[in-house]
Amino acid sequence: MQSMREIKTRINATEKTSQITNAMHMVSAAKLKKAERSIKAFRPLTRRLSRVLSRVLNNDHTLSHAMLESREIDKVCYIIVSSDRGLAGPYNNNIFKAFEKHIKQHHQSHDEFEIAALGLKAFQFAKRKGYTMIHDDVIQVRDDTQYLDFQSISDSFIKGYLSGKFDRIVVFYNQFINTLSQEVKQETLVPLELNPLLNQDDDDDGSYDALYIYEPGAKQVLQTLLPMYVVNLLFGSILEAKASEHASRMTAMQSATDNAKDLIKDLQLQYNRARQDSITTELTDIIGGAEALN
């Protein structure tokens, strides 16, 4: 059995750990509320852009664009959205497992795809696995993430698709459902014919046929909106992933705090037993000494 001093040292250390994890839980809870507000403010923009695109395409079926048409797949660009820090439970591992499972099912060689890693953990994962990456520096996903943080990487993979370097762009991220539930999502950014949002009905009730005039023209409007729409899809995925990260970390820190409290109770019980054994031993020595004197 451990000595009382050793048990007391473990109790003090566990209490300090519990205080740290509890503080991290409260910080993550505050950040999650902010991330949820960002998602709720951003989702209507993506829906409105998809409806505008649907309206343009439905009014002129002769319009075409490279981002709308699927083609034979020679090389795929995968975007993996992870966190920069750990202590978030299974948040990052779930993404990596889903990605590796997809790679085993759809690719025979690493030469068939390249990786865009958003977040330090995804960058380290891709480097560790030896995957080919389209960038050499870490692209961090900050808590106060902004579109400008990902503008350069977004431009690079869009230009890669338009130039024919990539034939499909797929993003892996955690979709935020609620505080206790996050789901790994695999979403095709381009070609957009695989995107179900473009097939949604418009807000119009269908009681009249609206006539729209596009200036300078429907084709120019389409060429401007499509890259904007794809970039907004990616940014929305990043916002979803950031909220999922905070929720996962909050849950993990709450579990760690609860486990620490349970461990403190067990250690306190061991300490009381060790203290009782020590008192019993001392009383036995005193009684034995008194009897020896008599």
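The values are calculated or read from the model by the stated rules, or taken from the named source; none is laboratory data. Values in this document were obtained by computation on a predicted structure and should not be read as measured data. We place every Cβ from the backbone using ideal geometry, glycine too, and count neighbours over all the protein chains shown.
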For residue 148: the one exception among (1) of a type outside the set (S, T, N, Q); (2) closer than 21 Å to residue 36 by Cα; (3) assigned to a strand (DSSP E or B); (4) out of contact with any helix residue (DSSP H, G or I) (no Cβ under 7 Å at 6 or more places or on another chain): (3)
Enumeration of residues in the stretch 241-294 that are within 30 Å of residue 141 (Cβ to Cβ) and of a type in the set (A, V, I, L, M, F, W, C): 241, 243, 247, 250, 252, 253, 256, 260
All positions within the stretch 54-73 that are surrounded by 12 or more Cβ atoms within 10 Å (Cβ to Cβ) and either of a type in the set (D, E, K, R) or under 21 Å from residue 150 (Cβ atoms) (or both): 55, 60, 67
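Considering only the stretch 77-88, I want to know if a residue exists there that is in a helix (DSSP H, G or I) and more than 16 Å from residue 241 (Cβ to Cβ). Even if it seems obvious, please write down each step before you answer.
Taking the stretch 77-88 as the starting set, the residues that turn out to be in a helix (DSSP H, G or I) are none.
The answer is no, given that none of the residues of the stretch 77-88 is in a helix (DSSP H, G or I) and more than 16 Å from residue 241 (Cβ to Cβ).
Quick check, is residue 67 in contact with a strand residue (DSSP E or B) (Cβ under 9 Å, 6 or more places away or on another chain) and modelled with pLDDT under 85? Give the derivation first.
Working: in contact with a strand residue (DSSP E or B) (Cβ under 9 Å, 6 or more places away or on another chain): yes; modelled with pLDDT under 85: yes.
Taking the combined requirement at face value, the residue satisfies it.
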Residue within the stretch 198-220 that is hydrophobic (A, V, I, L, M, F, W, C), within 25 Å of the chain's Cα centre (by Cα) and at pLDDT 85 or above present: no
Selection count, the stretch 18-33, where residues are of a type in the set (Val, Ile, Thr) and within 21 Å of the chain's Cα centre (by Cα): 2
Residue in the stretch 39-61 that is assigned by TED's automatic domain parsing to the domain that holds residue 182, farther than 26 Å from residue 177 by Cβ and either in a loop (DSSP other than H, G, I, E, B) or in contact with a strand residue (DSSP E or B) (Cβ under 7 Å, 6 or more places away or on another chain) (or both) present: yes
Pick from the stretch 34-63, criterion small (Gly, Ala, Ser) and modelled with pLDDT of 85 or more, ranking: nearest to the chain's Cα centre (by Cα): 35
Answer from 124, 108 - the residue that is free of Cβ contacts under 8 Å to residues at least 24 places away in the same chain and either within 18 Å of the chain's Cα centre (by Cα) or in a helix (DSSP H, G or I) (or both): 124
For residue 243: the one exception among (1) of a type outside the set (Lys, Arg); (2) closer than 29 Å to residue 181 by Cβ; (3) not assigned by TED's automatic domain parsing to the domain that holds residue 146: (3)
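Suppose the filter is touching a residue at least 40 places away in the same chain (Cβ under 8 Å), surrounded by 14 or more Cβ atoms within 10 Å (Cβ to Cβ), basic (Lys, Arg) and over 25 Å from residue 39 (Cβ atoms); does residue 219 pass it?
Numbers: touching a residue at least 40 places away in the same chain (Cβ under 8 Å): yes; surrounded by 14 or more Cβ atoms within 10 Å (Cβ to Cβ): yes; basic (Lys, Arg): yes; over 25 Å from residue 39 (Cβ atoms): yes.
Taking the combined requirement at face value, the residue satisfies it.
Here's a check for you: in the stretch 278-294, which residue that is of a type in the set (D, E, K, R) and surrounded by 10 or more Cβ atoms within 10 Å (Cβ to Cβ) is farthest from residue 7 (Cα to Cα)? First the steps, then the outcome.
Pass one, the stretch 278-294, residues of a type in the set (D, E, K, R): 282, 285, 291.
From the residues that got through so far, the ones that are surrounded by 10 or more Cβ atoms within 10 Å (Cβ to Cβ) too are 282, 285.
Details: 282: 19, 285: 24 Å.
Once the filter is applied, the top-ranked residue is 285.
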Single residue of the stretch 130-170 satisfying the filter (in contact (Cβ under 8 Å) with a residue 24 or more places away in the chain and basic (Lys, Arg)) that is surrounded by the fewest Cβ atoms within 10 Å (Cβ to Cβ): 142
